[in-house]
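S.K.: Next up is a structure, given as structure tokens.
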Amino acid sequence: EAQVTQNPRYLITVTGKKLTVTCSQNMNHEYMSWYRQDPGLGLRQIYYSMNVEVTDKGDVPEGYKVSRKEKRNFPLILESPSPNQTSLYFCASSISRDSLEAFFGQGTRLTVV
Amino acid sequence: QKEVEQDPGPLSVPEGAIVSLNCTYSNSAFQYFMWYRQYSRKGPELLMYTYSSGNKEDGRFTAQVDKSSKYISLFIRDSQPSDSATYLCAMSVGGANSKLTFGKGITLSVRP
């Protein structure tokens, strides 16, 4: 089954404790991205990757890091999480950056206390 | 002014009602217009897309684009409880370096 898999689905952590949210897709897509979704603000892109070893900032990259060492994986790293990073996070993949259809993961609900 | 504006909702309608969901935008370069549907505790999924102005119909759903007014709509006929979800409009200028720009989403509840 074609899918984007994120882990974990739910995470509660403390301020400053480094964490990684994993994302994997099995569709051989070149383009992957991370979004955060907040009430009243909608989906905002954090980082994106157009291919292996090619990553770039989205609209709200501060406080986040990413890497793309393999085509299928695109982890999101929070080196020192803060409460304002409490949000619902989605990983998405598509064939290319200009593809109209993005395939989203199930989401990761992160709470930073 | 944000690039894409969407009525914040929420919206509650009785089963069988006709629903109209709308977005406006400011970037006249947008050429592709999409509607994504997001069920509770799920990621968004592409519902429909249109290119440039005009209408596109898919079953009970009709997507309409008016580029002169920078206004897009999604109509749902004979709405069902299973249509209860958050609907996000998205737009793209097209081309190799373009990206999806999303509206904030509106939550629709269809009452049985």
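The values are calculated or read from the model by the stated rules, or taken from the named source; none is laboratory data. As the structure is a computational prediction, the values presented were derived from the model and not from experiment. Positions of Cβ are backbone-derived with ideal geometry, glycine not excepted, and every protein chain shown enters the neighbour counts.
S.K.: Check whether at least one residue in the stretch B:23-40 is exposed (fewer than 14 other Cβ atoms within 10 Å of the Cβ), among the hydrophobic types (A, V, I, L, M, F, W, C), under 25 Å from A:Asp59 (Cβ atoms) and within 14 Å of chain A (Cβ to nearest Cβ), and report yes or no.
M.R.: Yes, because at least one residue in the stretch B:23-40 is exposed (fewer than 14 other Cβ atoms within 10 Å of the Cβ), among the hydrophobic types (A, V, I, L, M, F, W, C), under 25 Å from A:Asp59 (Cβ atoms) and within 14 Å of chain A (Cβ to nearest Cβ).
S.K.: Testing B:Ser12 on (1) within 13 Å of chain A (Cβ to nearest Cβ); (2) in a strand (DSSP E or B); (3) exposed (fewer than 15 other Cβ atoms within 10 Å of the Cβ), one condition comes back false. Which one is that?
M.R.: It is condition (1) that B:Ser12 fails.
S.K.: A follow-up question, please. Any idea how many residues of the stretch B:72-103 are more than 10 Å from the chain's Cα centre (by Cα), at pLDDT 95 or above and either within 12 Å of chain A (Cβ to nearest Cβ) or farther than 23 Å from A:Arg36 by Cα (or both)?
M.R.: 8
S.K.: Another question, then. Could you check the stretch A:76-97 and list, in sequence order, the residues that are crowded, with 18+ Cβ neighbours inside 10 Å, at pLDDT 95 or above and assigned to a loop (DSSP other than H, G, I, E, B)?
M.R.: Correct list: A:Pro81 only.
S.K.: For residues in the stretch A:10-59 being basic (Lys, Arg) and either over 21 Å from A:Val113 (Cα atoms) or surrounded by fewer than 13 Cβ atoms within 10 Å (Cβ to Cβ) (or both), which is nearest to the other protein chains (Cβ to nearest Cβ)? Steps first, please.
M.R.: Taking the stretch A:10-59 and keeping what is basic (Lys, Arg), we get A:17-18, A:36, A:44, A:57.
Retained after the next criterion (residues that are either over 21 Å from A:Val113 (Cα atoms) or surrounded by fewer than 13 Cβ atoms within 10 Å (Cβ to Cβ) (or both)): A:17-18, A:44, A:57.
Working: A:Lys17: 25, A:Lys18: 25, A:Arg44: 8, A:Lys57: 12 Å.
Checking each candidate, the answer is A:Arg44.
S.K.: Follow-up question, since we're still on this one. Tell me, yes or no, whether the stretch A:78-94 has at least one residue that is within 23 Å of A:Gln3 (Cα to Cα), out of contact with any His (no Cβ under 7 Å at 6 or more places or on another chain) and of a type in the set (D, E, K, R).
M.R.: There is no residue in the stretch A:78-94 that is within 23 Å of A:Gln3 (Cα to Cα), out of contact with any His (no Cβ under 7 Å at 6 or more places or on another chain) and of a type in the set (D, E, K, R).
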